[in-house]
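Some notes on the structure that comes next.
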Amino acid sequence: MKALKFLLVGIFFGIVLVKSEAVSWYRIYEMFKFQSFHMYGIIGSAVAIGVIFFLIVKKLSLKNISGQVISAADKEKNYKANILGGTIFGFGWALAGACPGPMYILLGTGVFSILIVIAAALLGTFVYGLLKNKLPH
Amino acid sequence: MMEYILQPWPWYFSGPLIALTMILLVLFGKSFGMSSNLKTICTISGAGKYADFFKFDWKAQKWNLAVVLGTIIGGFIAVHFLSDGSAIAVSENTIKDLSALGFENVGENILPQEIYGWDAVLSLKGMAILVIAGFLVGFGTRYAGGCTSGHAISGLSNLQLPSLIAVIGFFIGGLIMTFFILPLLFS
């Protein structure tokens, strides 16, 4: 039942994102219009706690439940891909009002038209895989 | 207590709980990144036949698919058992701006009927909006190497410069869409 703890983390995350309203298209629009602190508060406080967590992890060489020292892998340094891909992602995020986490959560809330967005996101990922070697990285 | 749970949660409660989600996954020996699942599902569907990018042992990602399944269940639980039906309390300015674009009942549902309602979805324009939006999210996230969870939350928490650059990209795209393209699509 190794999967159970991950299922529970997912359930927790789904509940948090619905209750925080971060799954709402309106909140994303409002964020990009700088008309409320709400989303900045959510992301900012999550990151602030995350930074403190990783500082403590490194300072104390904390171990995960398998007994290995936690070392968060460095992200690949493909700055061109980061900025170009990020911008493309931003277009989609602001239009759909949903990123890959909320897409699934919204399905659970009963918005079945989100399945079209999920299917198109899978297609987008597939096309990226086809074109990867031809894109600037 | 229950009253507070049923109401929408403030940012200073929600943000730390999102951090807790990431922390739990790291303590379980994994990392927080939702968009990887899109690649995994492509691989399971046989995308490896068309591009080497999809040739990897997807079984190593089963844990993340369990997270996805959980998020769907979590979304269901949240709306059916943990909500008091409050509207999304967006700002007055947001309501005003969206009304000018023809959006009605702003905040009454989680998502606008003008984009996600079946009347909109079953029109050519509405269908195109959802397909293009989803495609851009799927393409962009893999190109950028992560999404909001992988870059904005995990990457920034770990002081990763690539993540900061990706997040700047998220905002360049999001601002152009919100300020310049949405007004062309809805008016």
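Computed values, structure above
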{"read-out": "Rounded FRET efficiency, nearest 0.05, which uses the C-beta distance separating B:Ile44 from B:Glu104 and R0 of 56 Å", "value": "0.90"}
{"read-out": "Cβ-based exposure ranking for B:Leu65, A:Leu135, in which fewest neighbours within 10 Å come first", "value": "A:Leu135, B:Leu65"}
{"read-out": "Relative exposure of B:Lys59, A:Lys33, judged by other C-beta atoms within 10 Å (fewest first)", "value": "B:Lys59, A:Lys33"}
{"read-out": "Charged-residue dipole, Cβ positions (Lys, Arg, Asp, Glu), segment A:1-65 about Cα centre, Debye nearest 20", "value": "360"}
{"read-out": "Ascending count of other beta-carbon atoms within 10 Å, so fewest first, for B:Thr43, A:Thr109", "value": "B:Thr43, A:Thr109"}
{"read-out": "Residues in segment A:45-89 that a label on A:Leu135 would reach, taking backbone N under 15 Å of a point 7 Å out along Cα→Cβ", "value": "A:76-89"}
{"read-out": "Mean separation of Cα contacts under 8 Å (6+ apart) over length of chain A, as relative contact order %", "value": "29"}
{"read-out": "Charge dipole (debye, nearest 20) of the protein assembly as shown; +1 at Cβ of Lys and Arg, -1 at Cβ of Asp and Glu", "value": "1480"}
{"read-out": "Amide H contacts of A:Lys63 (H built 1.01 Å from N, under 5 Å, at least 5 apart or other chain)", "value": "A:Ile70"}
{"read-out": "Relative contact order (%) - segment B:41-136, alpha-carbon pairs under 8 angstrom, separation at least six", "value": "13"}
{"read-out": "Cα pair count fraction exceeding 21 Å, expressed as % - segment B:1-86", "value": "47"}
{"read-out": "Over chain B, relative contact order from alpha-carbon pairs under 8 Å, at least 6 apart, %", "value": "24"}
{"read-out": "Chain A, dipole about Cα centre (Lys/Arg Cβ +1, Asp/Glu Cβ -1), debye to the nearest 20", "value": "420"}
{"read-out": "Gain upon complete extension [B:Lys62, B:Ile181; 0.36 nm per residue less C-alpha separation]", "value": "39.1 nm"}
{"read-out": "Of B:Leu185, B:Gly107, B:Thr40, farthest towards positive along the dipole that unit charges on Lys, Arg, Asp, Glu beta carbons give chain B", "value": "B:Thr40"}
{"read-out": "Phi to ³J(HN,Hα) by Karplus 6.51 cos²θ - 1.76 cosθ + 1.60 over segment B:110-125, Hz, x for Gly, Pro", "value": "5, 10, x, 4, 5, 10, 9, x, 5, 4, 6, 4, 8, 8, 4, 5"}
{"read-out": "Radius of gyration and Dmax over the Cα atoms of chain B, both given in Å", "value": "18.8, 53"}
{"read-out": "Value at 222 nm in deg cm²/dmol, rounded to 500, when DSSP H runs of n ≥ 4 in chain B each add -39,500 (n - 2.57)", "value": "-17500 deg cm²/dmol"}
{"read-out": "Virtual spin-label span in nm between B:Leu124 and B:Asp52, 7 Å along Cα→Cβ", "value": "4.2"}
{"read-out": "Pairwise label distance in nanometres, B:Asn93 with A:Phe34, each label 7 Å out on the Cα-Cβ vector", "value": "0.8"}
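Only the coordinates and a few stated rules stand behind these numbers; no lab work does. Treat the numbers as computed from the prediction; the structure is a model and nothing was measured. Heads up, the Cβs are rebuilt from the backbone with ideal geometry, glycines too, and the neighbour counts pull from every protein chain shown.
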